[in-house]
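Report on one structure; see the data block that follows.
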Amino acid sequence: KNEVEQSPQNLTAQEGEFITINCSYSVGISALHWLQQHPGGGIVSLFMLSSGKKKHGRLIATINIQEKHSSLHITASHPRDSAVYICAVSPQGADGLTFGKGTHLIIQP
Amino acid sequence: DGGITQSPKYLFRKEGQNVTLSCEQNLNHDAMYWYRQDPGQGLRLIYYSQIVNDFQKGDIAEGYSVSREKKESFPLTVTSAQKNPTAFYLCASNWQSNTGELFFGEGSRLTVL
């Protein structure tokens, strides 16, 4: 059974801090997604990656396929970054995604 | 602008009633999905469809039904057989199953009174 584990579950930091959220999974995958869910509930896709590293603004996502691990980094964090960040994987040979439980991030001014 | 529209955003129903949640997309995506989100849990797949007139059960399909008569539309019916229907429901789509960026609707929050 594919498991997706995120850490930490909850993270509170001060504005400007460098943030790291981790995601580990247990099976071979075709892609990994990082998603952002705001308090209203809507979800936005941040990254989809299958190898290496991607950067968009202050967000950086990395993946190590051999170690079955990915990280999401936020540089110069801001209160508007406060949200739930969700890791999801597309298992090889299967339909649909398997989701982690999410990391609840709060950035205080 | 292209996107996914879910309605209604909030819905209340009495026990024993069926309700249908709407999901419409104008992204020309083939694959569409319904997920359920409960507090403290990851999203769980209810049903998905890779093409018009075809759909497959996900991990928690019992008590739910769907149809895919048009590419743009993938409505979900929560039947009275669903034992614990109070939850947040999310619709999503992408080009093909398991490939491409996922796009999500804003969600529908169903409360059973």
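Buried accessible surface for the B/A chain pair comes to about 1500 Å², total over both chains, computed with a 1.4 Å probe.
Quantify, in whole percent, the carbon and sulfur part of the accessible surface of chain A (1.4 Å probe; protein heavy atoms only). Write down the numbers at each step before the final one.
Values: 2590 of 5170 Å².
The computed percentage sits at 50.
The mean accessible area for residues of chain B, using a 1.4 Å probe and ignoring ligands and nucleic acids, is 49 Å² per residue.
Spread over its residues, the convex hull of the C-alpha atoms of the protein assembly as shown is 122 Å³ per residue. Within the same chain, lysines fewer than 8 places from A:Lys68 are excluded, and of the rest, those with a Cα less than 30 Å from its Cα are A:Lys1, A:Lys53, A:Lys54, A:Lys55, A:Lys101, B:Lys57. Tell me, which residues of region B:77-113 get at least 50 Å² less accessible area when the other protein chains come in, versus the chain alone (1.4 Å probe)? At a threshold of 50 Å² (probe 1.4 Å), the residues of region B:77-113 that become less exposed are B:Asn98, B:Leu102, B:Phe104. Projecting the Cα atoms of A:Gln92, A:His56, A:Gln66 onto the charge dipole of region A:35-109, computed from C-beta unit charges around the Cα centre, puts A:His56 farthest toward the positive end.
On the beta carbon distance between B:Gln41 and A:Ser50, with R0 = 30 Å, the FRET formula returns roughly 0.70. For B:Glu15 and A:Glu5, a Förster radius of 35 Å and the Cβ-Cβ distance give a FRET efficiency of 0.45, rounded to the nearest 0.05.
Charges only on Cβ, +1 for Lys and Arg, -1 for Asp and Glu: so what's the dipole of chain A about the Cα centre, in debye to the nearest 20? Don't skip to the end; give the middle numbers.
Values: 8 positive and 7 negative charges, 41 e Å.
Dipole size: approximately 200 debye.
Taken per residue, the accessible surface of chain A reaches 47 Å², heavy atoms only and a 1.4 Å probe. Roll a 1.4 angstrom probe over the protein heavy atoms and tell me the percent of accessible area of chain B that is carbon or sulfur. After summing per-atom areas, the C and S share lands at 47 percent.
The values are calculated or read from the model by the stated rules, or taken from the named source; none is laboratory data. Predicted model only: the values in this text are computed from it and were never measured. Counting neighbours? That spans all protein chains shown, and the Cβs are built from the backbone with ideal geometry, glycine included. In case anyone asks, the SASA skips ligands and DNA or RNA and just uses the protein heavy atoms, side chains included. Shrake-Rupley method; radii C 1.70, N 1.55, O 1.52, S 1.80 Å.
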